[in-house]
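Only the coordinates and a few stated rules stand behind these numbers; no lab work does. Just so it is clear, the structure is predicted and the values come from calculations on it, not from any experiment. Heads up, the Cβs are rebuilt from the backbone with ideal geometry, glycines too, and the neighbour counts pull from every protein chain shown.
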Amino acid sequence: MVMQSEHARSYYAATAGQMPDYPCLGEELVVDVCVIGGGFTGVNTALELAGRGLSVVLLEGRRIGWGASGRNGGQLIRGIGHAVDGFARYVGNDGVRYLEQAGIESVAVVRERIEANNIDCDLRWGFCELANTAAQFAAFADEQRWLGDIGYGHETRIVGPGQMHEVVASDQYAGGFIDMGSGHLHPLRLVLAEARLAQAQGVRIFENSPALEIIHGSTVQVRCAGGTVRAGHLVLGCNAHLDDLEPRLTGKVLPAGSYIITTEPLSREVAQSLIPLDLALCDQKVGLDYYRLTADRRLLFGGACHYSGKDPADIGAYMRPKMLKVFPQLANVKLDYQWGGMIGITANRFPQVGRLSQHPNVYYAQGYSGHGVNVTHWTAKLLAEAIHAGHSHGFDVFSKVPHMTFPGGKALRSPLLALGMAWYRLKEILG
Ligand SMILES: Cc1cc2nc3c(=O)[nH]c(=O)nc-3n(C[C@H](O)[C@H](O)[C@H](O)COP(=O)(O)OP(=O)(O)OC[C@H]3O[C@@H](n4cnc5c(N)ncnc54)[C@H](O)[C@@H]3O)c2cc1C
């Protein structure tokens, strides 16, 4: 993917409102913590650390929210990774319960941040998970039962195949599961507002300041072109964009391209007819479709997962047929925006949270596997807790889950994943 230094020319960048410019690092600084990466992970970790009284520098190589955080589908969905009960052998049954609860509370963290600070990011509640197959539909009953058992405090509803038009004007689905405790929002406005909060708490933010080199030691040094930051602790929140800065972590995350198109504004009647309850929606195919209406009534439609490292030549032309398969009635609607972003995929689709064994003052959180709007806010809290207090139960639970390094280095990682995904897609087609 060709990456520019400015924000992707997305619907989000066009409607972000005021985008403050932060300076480029041009001096030598000494602080408690240096955070690298100006997405949800880095910004929120910096904010949480400053709230605990630590001095913090945040380095962003391009602009705040330039990465996945400022260009994603905006779906704020409960849960962490996929099927956390599969990790019981690492974290125990209590650990599984902790992760299940964290998947719910992480949404509450985002809600509280937005509400407590009056952040204008078009937050709306309601999400519908879509079933592509009868088996997926049948599984919703178990999910609803489980949420009831744990006392989930939000309305949920199973929508049968015959009622799907109450939720979405499409004939593609075998049913749906509505969760009013999940929702959708404008992610770039959120991360920009969080950066402003961090700055107000004393975090020194630098944009266009890529970290070029890390020199390890009890004081870690982070070298940029115009200056160096010396810190007691370092946090890496670079996700799919880490590249060669820390090769021990880069090899554990596969960058995969996902693409989004946004239509011209639709009339109130058309918008309401497409998604009558104004929910965020996401299906369960391998290269899943995710979509929702924006506050100004556009359809924002995302999907695909490209592992080749190459973008489609024309994202609009590539994504439009996917949108029309779901909504053929939009054949004459114009597209106003098209863009792509990099998802950081992990082999077990569980986020990677930990510290480098060789350098215990270097912490990281990455690899949210396409589900990070809520989880980044949670891992930020854990990183800050662990650094500030020297211990965090949640951090320990997360970091017990082992993560595979993809074999083959840079050259082989993407083709390997492409092969794996092709296999899953084949299984899907064959039923
Ligand atoms: C197209 C797309 C759609 C998605 N949709 C959803 C969704 O609907 N719901 C959901 O929950 N999740 C979604 N995700 C995933 C979610 O956006 C991510 O999990 C989350 O934003 C990750 O945040 P982050 O801060 O860890 O990484 P990022 O936001 O990617 O930020 C990493 C930052 O690190 C910076 N950086 C890298 N290297 C350096 C360096 N050397 N020096 C300084 N800075 C550096 C980069 O410039 C970048 O800004 C989507 C992702 C994509 C790409």
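Taking the chain as a Gaussian network, Cα atoms linked when under 10 Å apart, which of T346, T15, T219 shows the biggest mean-square fluctuation?
The residue with the greatest mean-square fluctuation here is T15.
Kindly identify the stretch 96-135 as rounded, prolate or oblate by the Cα gyration tensor criterion: order the square roots of the eigenvalues as a ≥ b ≥ c, call it rounded if a/c is under 1.5, otherwise compare a/b with b/c, prolate if a/b is larger, else oblate.
Details: a/c = 5.75, a/b = 1.45, b/c = 3.98.
It is oblate, given that a/c is not under 1.5 and a/b is not larger than b/c.
Does anyone have the angle between helix 40-51 and the longest principal axis of the chain? Alpha-carbon axes, 0 to 90°, nearest 10?
Taking Cα atoms only, the helix is inclined about 50 degrees.
Order the peptides 298-306, 205-213, 231-239 from the highest to the lowest mean number of other Cβ atoms within 10 Å of their residues. Display every interim value, and only then the final one.
Details: 298-306: 22.8, 205-213: 19.8, 231-239: 25.6.
Output ranking for 298-306, 205-213, 231-239: 231-239, 298-306, 205-213.
Note down the magnitude of the dipole of the chain about its Cα centre, charges +1 on Lys and Arg C-beta and -1 on Asp and Glu C-beta and zero elsewhere, to the nearest 20 debye. Write out the running numbers ahead of the final one.
Details: 38 positive and 41 negative charges, 152 e Å.
Magnitude of the dipole: close to 720 debye.
In Å, what Rg and Dmax follow from the Cα atoms of the stretch 80-148?
So, for the stretch 80-148, Rg and Dmax equal 15.4, 43 Å respectively.
Just subtract the alpha-carbon distance of A138 and E213 from 0.36 nm times their residue separation and send over the number in nm, one decimal.
The span from A138 to E213 would gain 21.9 nm if fully extended.
Using only the alpha-carbon atoms, how far is helix 134-149 inclined from the longest principal axis of the chain? Give it as 0 to 90 degrees, nearest 10.
60
With point charges of +1 on the Cβ of Lys and Arg and -1 on the Cβ of Asp and Glu, referenced to the Cα centre of the chain, which listed residue (L383, A14, P255) lies farthest in the positive direction of the dipole?
Comparing the listed Cα positions along the dipole, P255 ranks first.
Determine the shape class of the stretch 206-303: with a ≥ b ≥ c the square roots of the Cα gyration tensor eigenvalues, call it rounded for a/c under 1.5, and otherwise prolate if a/b is greater than b/c, oblate otherwise.
Taking the square roots of the gyration eigenvalues as a ≥ b ≥ c, the stretch 206-303 is prolate.
At 7 Å along the Cα-to-beta-carbon direction for both L29 and H165, put a label point, then send me their distance in nm to one decimal.
About 5.8 nm, to one decimal.
Given a 10 angstrom Cα cut-off, can you work out which residue in N44, N348, N332 is the most mobile in a GNM of the chain?
Among N44, N348, N332, the largest mean-square fluctuation in the Gaussian network model of the chain belongs to N332.
Hey, any idea what Rg/Rh is for the chain, computing Rh the Kirkwood way over Cα pairs?
Working: Rg = 20.9 Å, Rh = 22.0 Å.
Value, to two decimals: 0.95.
Give the peptides 188-201, 92-105 in descending order of average Cβ contacts within 10 Å, highest first. Spell out each step's value before the answer.
Details: 188-201: 23.1, 92-105: 17.2.
Packing order, densest peptide first, comes out as 188-201, 92-105.
Provide, as a two-decimal number, the C-alpha radius of gyration of the stretch 1-134 over 2.2 N^0.38 Å, N being how many residues it has.
Ratio of Rg to 2.2 N^0.38 Å for the stretch 1-134: 1.28.
Along the charge dipole of the stretch 194-250, Cβ charges K/R +1 and D/E -1, which of C238, S218, N208 sits furthest on the positive end?
Sorting the options by dipole projection puts first S218.
Can you bin every Cα-Cα distance in the stretch 298-414 into 5 Å intervals starting at zero and give me the percent of pairs per bin, rounded to whole numbers?
2, 9, 16, 16, 14, 12, 11, 9, 7, 4, 1, 0
Any idea which of G340, Y290, T228 is furthest toward the positive side of the dipole for the stretch 228-341, if Lys and Arg beta-carbons carry +1 and Asp and Glu beta-carbons -1?
Farthest along the dipole direction, towards plus: Y290.
With a cut-off of 18 Å, note down the residues of the stretch 316-356 whose backbone N falls inside the zone around a label point 7 Å from the Cα of D296 toward its beta carbon.
Correct set: 333-339.
What's the magnitude of the charge dipole for the stretch 60-127 around its Cα centre, counting Lys and Arg as +1 and Asp and Glu as -1 at the beta-carbon? Answer in Debye, nearest 20.
Numbers: 9 positive and 9 negative charges, 54 e Å.
It comes to approximately 260 debye.
Sum up the charges of everything whose Cβ sits under 14 Å from the Cβ of G226, counting Lys and Arg as +1 and Asp and Glu as -1, but leave G226 out.
Numbers: positive: R204, R223; negative: E27, E28, E60, E207, E213.
Its environment carries a net charge of -3.
Rounded to the nearest 10 degrees, what's the angle between the helix 187-200 long axis and the longest principal axis of the chain, both from Cα atoms, 0 to 90?
Roughly 30 degrees, rounded to the nearest 10.
Could you sort the peptides 265-271, 52-58 by per-residue average Cβ neighbour count (10 Å cutoff), highest mean leading? Numbers along the way, then the final one.
Details: 265-271: 14.0, 52-58: 21.0.
Ranking the peptides 265-271, 52-58 by packing returns 52-58, 265-271.
Expressed in whole Å with the largest first, what are the equivalent ellipsoid semi-axes of the stretch 128-228 derived from the C-alpha gyration tensor as the square root of 5 times each eigenvalue? Write down the numbers at each step before the final one.
Working: eigenvalues 432, 56, 51 Å².
Three semi-axes, in Å: 46, 17, 16.
Quick one: dipole size for the stretch 145-299, taken about the Cα centre, charges +1 on Lys/Arg Cβ and -1 on Asp/Glu Cβ, in debye to the nearest 20. If you can, show how the numbers build up before the last one.
Details: 14 positive and 17 negative charges, 101 e Å.
Result for the stretch 145-299 is approximately 480 debye, rounded to the nearest 20.
What nm distance separates the two modelled labels at I158 and Q18, each placed 7 Å from Cα along Cα→Cβ?
Result: 5.0 nm between the two label points.
Would you kindly give the portion of the calculated P(r) for the stretch 176-262 that falls above 19 Å, as a percent of all Cα pairs? Could you put the intermediate results ahead of the total?
Working: 2297 of 3741 pairs.
Beyond 19 Å sits 61 percent of the P(r) for the stretch 176-262.
Tell me the mean residue ellipticity at 222 nm calculated for the chain from its helices only (DSSP H runs of n ≥ 4, each -39500 (n - 2.57), averaged over every residue, nearest 500). Walk me through the numbers before you get to the answer.
Values: 11 runs with 145 residues, N = 431.
After summing the helix terms and dividing by residue count, I get -10500 deg cm²/dmol.
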